[in-house]
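Step one of this worksheet: look at the structure below.
The values are calculated or read from the model by the stated rules, or taken from the named source; none is laboratory data. All values reported here derive from a predicted model rather than from experimental measurement. Ideal geometry is used to build each Cβ from the backbone, glycine not excepted, and the neighbour counts take in all protein chains shown. Heads up: the accessible areas ignore ligands, DNA and RNA and are worked out on the full protein's heavy atoms, side chains in. Shrake-Rupley method; radii C 1.70, N 1.55, O 1.52, S 1.80 Å.
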Amino acid sequence: MDKFLHDQPSKPRTRDEKEKTINRLKRIEGQVRGIQKMVEEDRYCMDILVQISAIQSALKNVGFNVTERHINHCVSDAIKQGEGQETIEELMSVMKQFSK
């Protein structure tokens, strides 16, 4: 699938949803900068790997939250409008990438 079915969510994110997601991404960004500093300081490899694992877990959690919202709003609305199959196929395509 080269192009997604919609450019925006069927229901705009609330201010709280945006803030929580953005704040989590900013924390992840800080963790990445921390790893860069660890490499610059020639820190122990295992310490760096533990931090990389923490970032991967945090990103997956952000992805799960976005996926949950997508299912509850975008997919649900598409099913109600008779576009469920296409939306489910789109979601499954992205989930295959996400699970790699």
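Overview of results
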{"read-out": "Of all residues making up segment 19-77, the number that are of a type in the set (Val, Ile, Thr) and within 27 Å of Ile88 (Cα to Cα)", "value": "7"}
{"read-out": "Enumeration of residues in segment 75-100 that are open to solvent by 80 Å² or more (accessible area, probe 1.4 Å) and in a helix (DSSP H, G or I)", "value": "Ile79, Lys80, Gln85, Glu86, Glu89, Met92, Lys96, Gln97"}
{"read-out": "Filtered residue count, segment 31-74, keeping only those that are open to solvent by 40 Å² or more (accessible area, probe 1.4 Å), in a helix (DSSP H, G or I) and farther than 27 Å from Lys96 by Cβ", "value": "10"}
{"read-out": "Residue in segment 43-100 that is farthest from Arg27 (Cα to Cα), counting only those that are in contact with a Gly (Cβ under 8 Å, 6 or more places away or on another chain) and without any contact (Cβ under 8 Å) to a residue 24 or more places away in the chain", "value": "Val75"}
{"read-out": "Test for Arg27: is it surrounded by 14 or more Cβ atoms within 10 Å (Cβ to Cβ) and within 25 Å of Lys100 (Cβ to Cβ)", "value": "no"}
{"read-out": "Pair list, Cβ under 8 Å, 6 or more apart: segment 11-25 residue in a helix (DSSP H, G or I), other residue basic (Lys, Arg)", "value": "Glu17/Arg69; Thr21/Arg13"}
